[in-house]
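**Student:** Sending over a structure as structure tokens; questions will come in a sec.
What follows draws every value from the coordinates through simple rules; no lab data is involved. Just so it is clear, the model here is predicted, and its values are computed rather than measured. As a convention, Cβ positions derive from the backbone with ideal geometry for all residues, glycine included, and neighbour counts pool all protein chains shown.
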Amino acid sequence: MLRCQSITQTYLSGSHELTVLHDITLALPAGGFLALVGPSGSGKTTLLGLLAGLDRPRSGQVWLDGVELGPLDEDHRARLRAEKVGFVFQSYHLLPSLTALENVQVPLELLGRPAREAARDMLARVGLADRGHHYPAQLSGGEQQRVALARAFVHRPRVLFADEPTGSLDADNGAQVMELMAQFYGELGTTLALATHDPTLAARAQRVVVLAQGRLVSDTERAPSPEREPAALAR
């Protein structure tokens with residue numbers, strides 16, 4: 001589902017070129033659950049962005065669901081993301097001018113699919129059936145992240161990228177988001193790739209990749225997660 005080969009990424013910092021990823025190669029099969037861990041500045045967010053096609057590496061190749069991203073222009077990459085990818089961010093990234101329900105509808109509307117009832121169902125499943133008419137500013141942080149989670153899964157993405165999904169939440173709200181993410185991951189057969197500092201969340205992953213100073217220093221596989229239902233594994 002996700003594969004990168006010898007990717008390196010650099011950025012300009014003043015007059016100097018800064019290398020933030022060094023020759024990273026990894027692959028994640030469909031239905032896998034990958035956790036990227038490491039200290040701040042280790043390259044976790046940069047690697048997620050490259051795997052999702054949000055940016056292009058300085059060198060190397062990236063494939064998403066069998067499609068090489070490098071040759072695609074931005075319009076084609078955006079379409080691929082709209083069809084196959086969901087995102088959850090630490091800072092929620094909800095559209096402030098839209099209600100919770102309208103935010104969840106967005107991925108389906110972009111694809112031209114019926115949206116309202118599916119969005120209502122997803123809000124109900126994250127415990128926010130009565131909050132759909134509220135705007136993000138009227139919701140708590142935990143509620144906003146649950147709206148973001150409903151939005152990420154509403155179009156049944158092939159892969160979900162999550163960047164510190166519990167990083168802005170207290171322990172109780174973080175645990176609730178983790179449980180919902182595990183539930184949807186199991187039911188929908190979604191491939192899950194996340195970056196986290198949370199050892200509890202990382203411990204639920206089947207695969208843990210440790211980055212340090214932009215280098216892959218450890219890659220550990222575990223037994224399949226008990227949250228993944230047999231029916232989902234067969235998809």
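**Student:** Sort the range 80-171 into rounded, prolate or oblate with this rule: let a ≥ b ≥ c be the square roots of the eigenvalues of the Cα gyration tensor; rounded if a/c is under 1.5, and if a/c is not under 1.5, prolate when a/b is larger than b/c, oblate otherwise. Provide the component values of the computation, followed by the final result.
**Tutor:** Values: a/c = 1.76, a/b = 1.15, b/c = 1.53.
Here the range 80-171 falls in the oblate category.
**Student:** Sticking with this one: What translational diffusion coefficient, to the nearest whole µm²/s, does the chain have by Stokes-Einstein, given a Kirkwood radius computed over alpha-carbon pairs, a temperature of 10 °C and 1.306 mPa s viscosity? Don't jump to the answer; show the numbers that get you there.
**Tutor:** Details: Rh = 18.1 Å.
After rounding, the answer is 87 µm²/s.
**Student:** Using Cα centres only, tell me the gap between the range 4-38 and the range 111-180 in whole Å.
**Tutor:** 28 Å
**Student:** What is the local net charge at Gln213, summed over the other residues whose Cβ is closer than 13 Å to its Cβ (Lys, Arg +1; Asp, Glu -1)?
**Tutor:** Values: positive: Lys44, Arg215; negative: Asp23.
Here the count lands on +1.
**Student:** Can I ask one more? Along the charge dipole of the chain, Cβ charges K/R +1 and D/E -1, which of Gly127, Gln61, Gln145 sits furthest on the positive end?
**Tutor:** Value: Gln61.
**Student:** Another question about this same structure. Is it possible to state the helix-based mean residue ellipticity at 222 nm for the chain, with each DSSP H run of 4+ residues giving -39500 (n - 2.57), the sum divided by total residues, to the nearest 500 deg cm²/dmol? What is it? Numbers along the way, then the final one.
**Tutor:** Details: 8 runs with 79 residues, N = 235.
Taken over the chain, the calculation gives -10000 deg cm²/dmol.
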